[in-house]
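For reference, the structure is listed below as structure tokens.
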Amino acid sequence: MAETRRRFDPDFRDGAVRIVEETGKSIAEVARDLGMNPGTLANWVNMARKRNALGNGGLDADERAELARLRKENAELRMERDVLKRSVVLWVKEATQR
């Protein structure tokens, strides 16, 4: 007879991965404790590690501060560029009127 496939909600997946990462137990041991296939848990752990390695959009405090500083600097540089563009236009108009 065919075995029905178990579905795990995202909270359960995150909790199982957290147990592996925080307790230092092996994947097989945690899977056995949770009554699930070790291969499934290994897949979840690998996916979580890949997400964490890629950063997944999360910035720490230093990175957020640097991003804010760079955005402010970028805005100032754009304003300076615009002022210089206007001054060149005025300078060219003045030079051609003479």
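The values are calculated or read from the model by the stated rules, or taken from the named source; none is laboratory data. Everything numeric in this text was worked out from a predicted model, so none of it was measured. Note that we place each Cβ from the backbone using ideal geometry, even for glycine, and neighbour counts take in every protein chain shown. The accessibility values were calculated without ligands, DNA or RNA, using every heavy atom of the protein model including side chains. Shrake-Rupley method; radii C 1.70, N 1.55, O 1.52, S 1.80 Å.
Determine whether region 26-33 contains at least one residue that is part of a loop (DSSP other than H, G, I, E, B) and either modelled with pLDDT of 90 or more or basic (Lys, Arg) (or both). Yes, region 26-33 contains at least one residue that is part of a loop (DSSP other than H, G, I, E, B) and either modelled with pLDDT of 90 or more or basic (Lys, Arg) (or both).
If you go through region 34-49 and keep only what is assigned to a helix (DSSP H, G or I) and either touching a residue at least 40 places away in the same chain (Cβ under 8 Å) or touching a helix residue (DSSP H, G or I) at 6+ places or on another chain (Cβ under 9 Å) (or both), you end up with Leu34, Pro38, Gly39, Thr40, Leu41, Ala42, Trp44, Val45, Met47, Ala48, Arg49.
The set of residues in region 1-23 being of a type in the set (S, T, N, Q) and in a helix (DSSP H, G or I) consists of Thr23 alone. Taken over region 1-45, the residue count meeting the criterion of being aliphatic (A, V, I, L, M) and open to solvent by 90 Å² or more (accessible area, probe 1.4 Å) is 2.
Please verify whether region 63-80 includes one or more residues that are at positive phi and surrounded by 10 or more Cβ atoms within 10 Å (Cβ to Cβ).
No, the conditions are met nowhere in region 63-80.
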